[in-house]
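Chemist: Sharing a structure here in structure tokens format.
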Amino acid sequence: MVPEISKTPAPDAETLLSVQNLQISVPTDEGRAAILDHVALDVPAGRIIGVAGESGCGKSTLIRAILGILPRQTVIDRGQILFKGENLLAMPNSDLRTRIRGRAIGFIPQDPYLALNPVFRVGTQLLEILRAHGTRDQEPGQRYSRALRKRHTAHLIDMLRAVKLPDPEAALERYPHEFSGGQRQRLLIAGSLLCRPDLILADEPTTALDVTTQLQILRLLKDLVEDFEVSMVFVTHDFGVIAQICDSVSVMYAGQTVETGDTEAIINAPRHPYTRMLMGCHPDRSTGFEGIPGQVPSPIDPPPGCRFNPRCPSMLAGCMLRRPDIVTDPSSGHAVACILHEAMVSS
């Protein structure tokens, strides 16, 4: 059987977001740093897609690229980010600001303790989102009248009820320090949904929370995705979280996509050595405390061939000669960038 090699396939009609062959670099004093290299990600409508990997693998950079908030010195070397058929990388910043960011694509930040301004009431901060972006039924450029503010306030209270925040009317008059970590995260989730976006980007939104609160937030997010008919990209390093909330998962290593597939299939039978070792770090699956030896390579001077080869227990001589193509197994839908997978699919 000849392996099916994925290059930059056209997204189907149900794909809301499609990241294709994205390469991003940053010039430094030591040379060019290849932050993202051949990253691919498809987000179907109404699905939760996990993006997993260690710190420094480019997950947050991918989120920033989708939102169009990369640092000014960043260079887009190649690739596309298609959202509802439009290439976000070619879109003027004015359109990103008024049509996409906050309005069509919402964002849940990682740390609920830093995301809210401590000197302003919660209601003031969340209403500013609606004042800046409006709602779907609001006329563009509409004057911010007292009647519109009253309508926005009622909408905000409804959204706070949807995220199960106690006493939402009184919450608008309180300051961030008067809420627990879990309640602050509920406020941020409500803020991401205020404009009724089509897509939510969640950048490790449960990392700063205790285990019990984390479970509550994950269940809430799953319910909200279904109730509001939105899609979600959920960034995490924890496969335990992915197993609870994500329909499929894309694994990143050193700025590259190394494996994608349905969550259940990847958890039960991971194909890439990095995915297997990353899952082995989870307490439920780990047999020791060794972790993954070595560290994520520098984007300025990555190893030749497969970037994981210095840490890979299955490394072959060919792993240092070329970057492996992303090969899709037709029988499982698994897409993996590894020469071992290529050999298995072609046999």
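Chemist: Working out 0.36 nm times the residue gap between Glu128 and Glu169, then minus their Cα-Cα distance, what length gain in nm do you get to one decimal?
Modeler: Computed gain between Glu128 and Glu169 is 13.1 nm.
Chemist: Provide, in order from the shortest bin, the percent of all Cα-Cα pairs of the chain in each 10 Å bin, continuing until the bin that contains the maximum pair distance.
Modeler: Result, from short to long distances: 5, 24, 32, 24, 11, 4, 0 percent.
Chemist: I'd like the per residue volume of the convex hull spanned by the Cα atoms of the range 116-194, given in cubic angstrom.
Modeler: In the range 116-194, the Cα hull volume divided by residue count equals 88 Å³.
Chemist: Continuing with the same structure: With a Förster radius of 25 Å, plug the Cβ-Cβ distance of Arg276 and Asp301 into 1/(1 + (r/R0)^6) and report the FRET value to the nearest 0.05.
Modeler: 0.45
Chemist: Need one number: nm distance between label points at Tyr144 and Asn268, each 7 Å from Cα along Cα→Cβ, rounded to one decimal.
Modeler: Here the modelled spin labels are 5.2 nm apart.
Chemist: Another one. Which is the longest stretch in the chain that no exposed loop site breaks, taking sites as trypsin sites (Lys or Arg not before Pro) with a DSSP loop state and at most 11 other Cβ atoms within 10 Å?
Modeler: In short, 144-321.
Chemist: Here is a follow-up. Applying 1/(1 + (r/R0)^6) with R0 = 25 Å to the Cβ-Cβ distance of Val211 and Ile69, what FRET efficiency is obtained, to the nearest 0.05?
Modeler: So, using R0 = 25 Å, E works out to roughly 0.20.
Chemist: While we're here: If you stretched the chain out fully between Ser331 and Thr28, how much longer would it get, using 0.36 nm times the residue separation minus the C-alpha to C-alpha distance?
Modeler: 104.7 nm
Chemist: Sequence gap at least 6, Cα distance under 8 Å: using those rules, report the relative contact order of the chain to the nearest whole percent.
Modeler: Result for the chain is 23 percent.
Chemist: What is the magnitude of the charge dipole of the range 197-322 about its Cα centre, with +1 placed on the Cβ of each Lys and Arg, -1 on the Cβ of each Asp and Glu, and no other charges, expressed in debye to the nearest 20?
Modeler: Dipole magnitude for the range 197-322 comes out near 780 debye.
Chemist: What FRET efficiency comes out for the pair Lys222/Leu321, r = Cβ-Cβ distance, R0 = 51 Å, nearest 0.05?
Modeler: Rounded to the nearest 0.05, the efficiency is 0.75.
Chemist: Moving on. Work out Dmax and Rg for the range 239-318 from the C-alpha atoms and quote the Rg first, both in angstrom.
Modeler: 13.2, 38
None of the figures in this text is laboratory data; all of them are computed from the coordinates on show. Keep in mind that this is a model prediction, so the values were computed, not measured. As a convention, Cβ positions derive from the backbone with ideal geometry for all residues, glycine included, and neighbour counts pool all protein chains shown.
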